[in-house]
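Below is one structure, written out as structure tokens; the observations come after it.
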Amino acid sequence: MLNSRLVNRRHVLQWTGGTVAALAVFGGNLPNFGMSEALAADLGEGDVGILNYAYALEQLEAAFYTKVIESPYSGIKDDEKTILTEIRDHEVAHRDFLKNALADKAIPDLEVDFSKVDFTSRESVLTTAKTFEDLGVAAYNGAGKLIEKADYLVTAGSIVSVEARHAATIRDLLQPDSVAFAGPDVVDKNGLDGALAPAKVLAAAGPFIKTEVTAKSL
């Protein structure tokens, strides 16, 4: 049985479903962005570029967790499968929300590459999940200052709060009964999460994405 902290994390993840649902409703009010077809392989510029940036990362995460749940690793516990299923559902909701918001301005579906992940191994799966979740949090934090429209900043803040819960939960699965969920590798001495620029995030995510993704205008 998972420790009490993980059980509490599970309840928190269930609560975040309301946030995801709210985002889906909000998505219907987003305007039609402008991005020429010539930039289809690039994220674009301005707020559309940032949303495409987030969309690319959410595609990666959704694809990863979908594969994890389709073929669970050996010896997976019921509680762990439930947690990972909830995370998958959140990532799929984030992906679909951003795709709907961008409409015909969205980048194409990405071709992912998980060949270096051993999906039969708990350690490999959770370590990769940790990488993706930590990267996602840093990506949203780093992109915040680039967002022009206040509504989009609020939306990004809602999504990154869910991603941070995912990151903490995965760290608890890897290192139960520890403070790894807020370790010095992700939280600085001022108590703040790390932030990364789009170029650094795309470079880190690059080995898992076959499709070329560029951020020429971000």
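Fully extending the segment from Leu174 to Lys145 would add 7.3 nm, taking 0.36 nm per residue of separation and subtracting the current Cα-Cα distance. Among 88-98, 203-213, sorting by the average number of other beta carbon atoms lying within 10 angstrom of each residue, highest first, gives 88-98, 203-213.
Grab the Cα-Cα distance for Thr214 and Ser115, subtract it from 0.36 nm times how many residues apart they are, and report the gain in nm with one decimal.
This chain segment gains 33.4 nm when fully extended.
Expressed in Å, the radius of gyration and Dmax of the Cα atoms of the stretch 85-126 are 13.8, 39.
Per-residue Karplus couplings for the stretch 128-145, computed as 6.51 cos²θ - 1.76 cosθ + 1.60 with θ equal to phi - 60°, are listed in order as 5, 4, 4, 4, 5, 5, 4, 5, x, 4, 5, 5, 5, 4, x, 8, x, 5 Hz, Gly and Pro entered as x. For the listed peptides 143-154, 159-170, a ranking on the average number of other beta carbons within 10 Å per residue, highest first, reads 159-170, 143-154.
Proximity of backbone amide H atoms, modeled 1.01 Å from N, is registered between Ile209 and Asp113 at under 5 Å, excluding neighbours fewer than 5 places apart on the same chain. Here Thr85 and Ala204 are evaluated by their C-beta separation; at R0 = 30 Å the FRET efficiency comes out at 0.70.
Percentage of Cα-Cα pair distances in the stretch 37-170 greater than 23 Å, rounded to whole percent? Percentage above 23 Å: 33.
Read-outs: derived from the displayed coordinates by stated rules, not from any lab. Remember, predicted model here, so these are calculated numbers, not experimental data. Cβ coordinates were reconstructed from backbone atoms using ideal geometry, including for glycine residues, and neighbour counts include every protein chain displayed.
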